[in-house]
1. Towards the positive end of the charge dipole of the chain, with charges on Cβ (+1 Lys, Arg; -1 Asp, Glu), say which of Ala302, Ser156, Ser266 has the farthest Cα.
2. Can you tell me the relative contact order of the stretch 362-661? Whole percent, Cα pairs under 8 Å, sequence separation 6 or more.
3. Which of His602, His444 comes first, and how do the rest follow, when ranked by fewest Cβ neighbours within 10 Å?
4. If you take every residue apart from Ala369 with its C-beta less than 15 Å away from the C-beta of Ala369, what net charge results, scoring Lys and Arg +1 and Asp and Glu -1?
5. Net charge around Gly199, counting only other residues with Cβ within less than 15 Å of its Cβ (Lys, Arg = +1; Asp, Glu = -1)?
6. Computed FRET efficiency, Cβ-Cβ of Asp462 and Val568, R0 41 Å: what is it to the nearest 0.05?
7. Which of the lysines could be linked to Lys660 by a straight reach, that is with a Cα gap under 16 Å, when you skip same-chain ones fewer than 8 residues away?
8. Compare the peptides 652-659, 627-634 by average per-residue count of other Cβ atoms within 10 angstrom and give them in order, highest first.
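Values quoted throughout were computed directly from the atomic coordinates according to the rules given, and no laboratory measurement underlies them. Treat the numbers as computed from the prediction; the structure is a model and nothing was measured. Neighbour counts are summed over all protein chains in view; Cβ atoms, including those assigned to glycine, are modelled from backbone coordinates with ideal geometry.
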Amino acid sequence: MIFTTPMRLLAAVVLDKSSEDVSRELLRLGTLELISVRDLASEWKDRVGPLPSDGTEARIEELRRRLEGLLRIPGNPIRLPVPSLDDRTPLDLAAAEKTLDALAAEIGSIRDRQKAAQEDILRLSEMRRQLEVFDDLSKPSGLGSAYSFLAIRTGSVPSSRLPALEEALAALPSVLVPWGDDSAPSRNALVVTLKRDEGRVAPILSRAGWEDGIPAGDSRDAPSRDGKVRALQGIDARVADLRERQKAYQSELEELFRKRGPELESMWTRLRLRELLGRVKSRFARTERTVLFSGWIPADAAQAVEEGIRKATGGRCHIEWISEKEVREHNQEAPVDLKNPRLLRPFEALVRNYAVPEYGSVNPVPFTAAAYLVMFGLMFGDAGHGLVLALLGGAGVLAARRSEKDDTLARLILYCGFSAIVAGILFGSYFGMPWLPPVWFNYHGIVTGREAGEGSVRTVYDILGITIKFGLAVLGTGLVLNWINLIRRKRWLTLALDKGGLLGGWIYGAGAWAAFLFVGSGYRTLPDPDLLFWILGLPTLILALKGPAEYFLHPPEHRKPFGALTIVDFFMEWIVEVLEIYSGYLANTLSFMRVAGLGIAHVSLMTAFFQIARMLNPSGGFSAAAVAVLALGNILVIALEGLSAGIQSLRLNYYEFFSKYFNGTGRAFRPISLGTRE
């Protein structure tokens, strides 16, 4: 775990007839990243060729992706299993295409009805919103231009045709409000539709025998306020009916997936298995009777892979492990596999988000985890707020597991919550209140000036000093990790004379000692000038030897002709290196003051909300308004400060810590297995 996983490069030859069994065994093992044999066999690469292909690989992948697209539809209860290597059932691609076509048509029909119902709900909801502003629907002429998208008609229709009219209008976003005597030969009614639908509404009304306007002298009152209520009730009833239809459509979709589930699961597993086997074989090369393949394997899995290949071929194979020297001769770079406990996987994701470390270097994940959590705790040191984060993270982990989704972010929030709890106990802070005495020092009391503090931490400047020392420890750890990486790569000159090497580390340490001595004297006394020359001046001058040493240690054929400009280059490189050490390291160290800055801001925000709560209730005690302010204040601080602390912790890792030792030139190890998704 301290270093990236050692890798071994395999080269194997098996009989052509064993290629299928070998492919299945490699998928089962899931620890081999195949590479092209032609990249290794430079002297005879023209004598080998790829395995013959029937051209179905692209078709299989397209069908698999198409099926997965259909299964992503909400409401699908199917969970795709891992393909079984024991399944040797032949796959009829034409039949699979026909099945997917039929399934897509069924799903499309249901989804179209769902979409149409949702569109009608939106239109009816908008109609309802507009109708609510009117008191008298019997006077549609007074609607005004702002609401001109509504068409409101009053008129009469034969009573015998009223049910047919209601049924016809049900296909549109509309509402029909009849009134008057049910036994009369005709009924007066009000129709509300969208103006955009007038072209469709007019023929419907005409077929129903609709006559615009209320007959003169009609004793039956036109709808006014009561008509508005009935119109709104009619819209609500239509919306409720549409929502019930949507539920029915969703149930129909789920039932379709349940009914077709076993068939679709079987189809997907066979498609995926064929696709993966084809992907493995695409890396194979062949002669007339044999198949050759090569790939990278973690060293601890090499024996299992060799035994698996021998078992699959009945011992009729030749296996060779390529030495590191031969690997370098073929310009092959080993992929990087970071094996970390599950506990550290969220921090591995943070590292990979930045870059993949160089093969053979220090594994940065454990150090990133420690630095990140300590930084977050110092910035967000409140046990109560940390408990909220931990509960949110724990709930997120459970939800992710139930839905079979990635829980990396949720677990990171959970860990940050625990870090904040520990820091809050050290600082005696629980939702901004000192419910228990601090184990270390009272962060809130010192920042707000309520108490001077005890021990070595008495003022805000002491808190800033803690973060400076923490920054020195982080950067010093980064330099030590860099020295380890340089030793493993046998880069002795860089180890000795580089700004990130031993000499640069000495200058950084000596400079930090001199700075602390100066601050400790009340900014009055610097170390003795002679001592400063020996611990800072002389190492700085020695640094000038780096350029000439690199120049003369290179083979003559790989370096430029020596001349006056070469000396100028040496001098300029030295100046730049010195500036990077003195100004760069100073900036890197002072950058850690943001850890204290965020912590002070956290305390200041909580203090401000407590003061506002006291202003709302000057007599003391609690009131509803004060409690509301404190509750909202805590929520705001958790959200804003939690996000800020998370981002700043990440920034300090990426730009201050990683810059001292991290070489992101690696390539991630991607073995092919049955669990491979893409």
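1. It is Ala302, whose Cα lies furthest towards the positive end.
2. Numbers: 337 pairs, mean separation 65.7, N = 300.
With pairs under 8 Å counted, the relative contact order is 22 percent.
3. Working: His602 28, His444 23.
Fewest-to-most ranking of His602, His444: His444, His602.
4. Values: positive: Lys339, Arg342, Arg345, Arg352, Arg411; negative: Glu348.
For residues surrounding Ala369, the net value is +4.
5. Values: positive: Arg153, Lys195, Arg196, Arg200, Arg207; negative: Asp197, Glu198.
Every neighbour counted, the sum reads +3.
6. Plugging the Cβ-Cβ distance into 1/(1 + (r/R0)^6) gives 0.30.
7. Lys499
8. Values: 652-659: 19.4, 627-634: 16.0.
With the highest mean Cβ count within 10 Å placed first, the list reads 652-659, 627-634.
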